[in-house]
Amino acid sequence: MKSLRLDRWRDTTLACMVLLSRFSNRMNSPDITTMDIAAVNALIERDMKLVDALIMRRLQSDVVLINQVGHYIVNSGGKRLRPIIVLLAARTLDYRGEKHIDLAAIIEFIHTATLLHDDVVDGSDKRRNRDTANAVWGNATSVLVGDFLYSRSFEMMVDIDTMRVMEILSHATNRIAEGEVLQLLNCHDADIDEQKYFEVILRKTATLFEAGAQLGAVLCGASAERERALADYGRHLGIAFQIIDDALDYGASAEEIGKNIGDDLAEGKPTLPLLRAMQVGTDKQRQALRDAIEQGGREHIGVVMAAIESTDAIEYTSRLAKQEADKAKKALEELPASSYRDALAAVADFAIQRRN
């Protein structure tokens, strides 16, 4: 009981510190984001430490190679945005239990499994400025360890013993797989339009953000309106996050994004910057972009970058991402005001302002 009171006192103190920081920001510079990502992390510091400890504990296997690969990818410096969203969504609705810790770890395991599989499918050798697992141990090992993480996440879902949780996460993992297959089908297809592009990122990326936010409401037994609001928040946030990811492939340095510039082009992926440049570029640019998408590789990168720059495709892409982030923040209006709700809004801002 004493430990519980101490934890609540610590959480309350952190919340007060964040509120004071926001008030100061508004007084000194009303245009600055009211809460930065450091303040968000401080607000849920205790919860995240518990999530990290659980991840390390549930990664354990008597198969040594699984331990090696699992720890390598989990400790590779990710932003942990998906588990952060689970924690904040639950805390926003005043959840006082511990199952949000389990769900946050489950979401991170599912995400990590998708990374392992993605890097194999894409033939990637760099992620977060490190060699990918498939570059170190080979494709077969990466796929199989990804399968281990998927199956471990489902073991953990069973432990939660809530059919609604199983329903949401099983549906989410199925949608993610569909998104991956759709993206594969779209590769090297220069006739893909924005509607098909958004269908891919809705399934491939936004689905897990949506599920994580929605699960926070499910844990609390929230109303259908609040559950839908958090699901909407997560979905729009996930779309914004992926749009910015695609923009960074052409608008940032390799050091910033932690992978090779032009990876999407090399794989023949018709992402939003390319689609926009094709839509408004000259006939010559349009043909060059079609050739780049259909042939893949990086030999066209100079022509592609010139076309993207001259058509303001990055600015257009960033604008659409901001619209999605604004929709995410709008959805939060259904939730009670709190520092945790403000933190969810700050995460939406961070998703579109980041450089990696």
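No value in this document is a laboratory result; all are computed from the given coordinates. None of these values were measured; they are calculated from a predicted model. Note that we place each Cβ from the backbone using ideal geometry, even for glycine, and neighbour counts take in every protein chain shown.
Against the empirical curve 2.2 N^0.38 Å, the C-alpha radius of gyration of segment 278-320 lands at a ratio of 1.12. Translational diffusion of segment 166-233 was estimated from the Stokes-Einstein equation, with Rh taken as the Kirkwood radius over Cα pairs; at 10 °C and 1.306 mPa s the coefficient is 123 µm²/s.
Largest GNM mean-square fluctuation across Glu167, Glu178, Glu294, computed for the chain with C-alpha springs under 10 Å, falls on Glu167. Only helices enter the 222 nm calculation for the chain: every DSSP H run of n ≥ 4 contributes -39,500 (n - 2.57), and dividing by all residues gives -24500 deg cm²/dmol, rounded to 500. Connecting C-alpha atoms closer than 10 Å in a GNM of the chain, tell me which of Asp161, Asp131, Asp312 has the biggest fluctuation. Maximum fluctuation in the GNM of the chain, among the listed residues, is at Asp161.
When Met35, Met157, Met166 are sorted by how many other C-beta atoms sit within 10 angstrom of their C-beta, beginning with the fewest, the order is Met166, Met157, Met35. Taking 0.36 nm per residue of separation and subtracting the Cα-Cα distance, full extension of the segment from Lys79 to Asp191 would add 37.0 nm.
Taking Lys and Arg as +1 and Asp and Glu as -1, the other residues whose beta-carbon sits under 14 Å from that of His188 total -4.
Protection proxy ranking for 132-139, 270-277, using the average of other Cβ atoms within 10 Å per residue and placing the highest first: 270-277, 132-139.
For segment 304-337, no residue has its backbone nitrogen under 11 Å from a point 7 Å from the Cα of Glu199, taken along Cα to Cβ. Peptides 207-219, 228-240, 188-200, ordered by how many other C-beta atoms sit within 10 Å of their residues on average, highest first, read 207-219, 228-240, 188-200.
For the chain, modelled as a GNM whose springs connect Cα atoms under 10 angstrom apart, the maximal fluctuation among Ala39, Ala140, Ala104 occurs at Ala140. Among Lys204, Lys99, a tally of other beta-carbon atoms within 10 Å of each Cβ gives an order, fewest to most, of Lys99, Lys204. For the chain, the longest principal axis of the alpha carbon atoms and the long axis of helix 224-251 meet at an angle near 40°. Of the GluC sites (Glu not before Pro) found in segment 299-356, the ones in coil according to DSSP and having at most 16 other Cβ atoms within 10 Å of their Cβ are Glu299.
The trypsin sites (Lys or Arg not before Pro) of segment 46-96 meeting both criteria, a DSSP state outside H, G, I, E and B (loop) and at most 16 other C-beta atoms within 10 angstrom of the site's C-beta, are Lys79, Arg96. Report the normalised scattering of segment 34-353 as log10 I(q)/I(0) at q = 0.09 Å⁻¹, calculated by the Debye formula with identical scatterers on the alpha carbons. Each listed q corresponds, in turn, to -0.46.
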